[in-house]
Amino acid sequence: MEGLRQLGYGYQENKFLVRFIRLWESCSFHTYYTTMINFILLDANNEQYWAIAPISERDRLLASVCEGFLYYITGFKIVAAQPSWKPIDSNITLVFGKTTKIIDYLFRSSIPRLRFSLCTWPTILSRANTNTVLSDVGGVIIDVGNIEYQSNDIKRVNLTLLDRSLSTIQVSLWGEKSHLFEVDFKDYRSKNVVLVVTGLLVKNRTGRIHLTSTQATSLYFNPECEEVRNLGGYVKATYGDFICQSQHCSARRRPYWKG
């Protein structure tokens, strides 16, 4: 089946089958629209694409879309991707507008429900303070720090993940993202919890590399996808069990390592 990458720039009238795997709203002076809706799409060739729409189309488009579902899309433009602030590493962007149609697809498809572009540690290092491409990471949660409050009352929680290369990755979740972690994490007080975090900026402060959440950040606990398949078992076989004892915001106790 023809994928979107084979198309040239310009307006597209044909129908293309995609799965909408992520969506969010953003506001930035660095992007195509100052305020816009963002979509990550997955096509029949397992390729990811970033699609955007002006906020004026929000109600019409979002009335038709549920995250994780399959749709035909038609009536959109393909343009060159901007050089910075991209949620995925792609050289094209799909632009939805007033003529864009999103049509339900109710049949089976081989398009997976999730796909991530998980970064290795060398890739993370190369993106430090560049503000070019946002990064996805995944690993077993080995430490959950206490919630921190800044002077403007923004809440933060710091996480440490152990990825498939056995590198430790520091992630800071801010505001709404830390609250979402707090709410969802209570259901995963078990051994070797795998977490995938998308849409992160890589920061380097005084030689300390860490990733910080953005408007594009989403959290996935124990996702069923190829990128992290058997990761919990691999970490257990190497180091033993990492057990998340309790919801971090209640007892303020950190997970411990049981070898």
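Of note:
- Across the chain, the relative contact order, built from alpha-carbon pairs under 8 Å that are at least six residues apart, equals 16 percent.
- Most to least accessible of Trp121, Trp50, Trp24 (protein chains only, probe 1.4 Å): Trp121, Trp24, Trp50
- Listed residues Thr132, Thr214, Thr238, most fluctuating in the chain (Gaussian network, C-alpha, under 10 Å): Thr238
- Largest accessible area first, the listed residues Ser135, Ser218, Ser110 line up as Ser110, Ser218, Ser135 when surface is computed with a 1.4 Å probe on the assembled protein chains.
- Rounded to the nearest 20 debye, dipole of the chain from Cβ charges on Lys, Arg, Asp, Glu: 460 debye
- Pairs with C-alpha atoms separated by more than 20 Å, drawn from the list Lys86/Lys155; Lys191/Lys236; Lys203/Lys236, are Lys86/Lys155; Lys203/Lys236.
- Which of Thr123, Phe69, Gly97, positive extreme of dipole for region 64-160 (C-beta unit charges): Gly97
- Applying 1/(1 + (r/R0)^6) with r as the Cβ-Cβ distance of Lys191 and Asn46 and R0 = 30 angstrom yields a FRET efficiency of 0.45.
- The label point for Lys98 and the one for Glu148, both projected 7 Å from the Cα toward the Cβ, are 4.8 nm apart.
- Projected label points at Thr130 and Leu62, each 7 Å from Cα along the beta carbon direction, are separated by 3.2 nanometres.
- Relative to the current alpha-carbon distance between Phe107 and Arg164, full extension at 0.36 nm per residue lengthens the span by 17.1 nm.
- Net charge dipole size for region 53-105 [Lys, Arg +1 and Asp, Glu -1 on Cβ; Debye, nearest 20]: 200 debye
- Calculated [θ] (222 nm, deg cm²/dmol) that DSSP helices of n ≥ 4 give over the chain, each run adding -39,500 (n - 2.57): -3000 deg cm²/dmol
- Label-point separation in nm, Thr34 to Asn204, each point 7 Å along Cα→Cβ: 3.4 nm
The values are calculated or read from the model by the stated rules, or taken from the named source; none is laboratory data. If you're wondering where the values come from, they're calculated on a predicted model, not measured in any experiment. Because the Cβ atoms are built from the backbone with ideal geometry, glycine has one as well, and the counts that use them run over all protein chains shown. Side chains included, ligands, DNA and RNA excluded: accessible areas come from the protein's heavy atoms. Shrake-Rupley method; radii C 1.70, N 1.55, O 1.52, S 1.80 Å.
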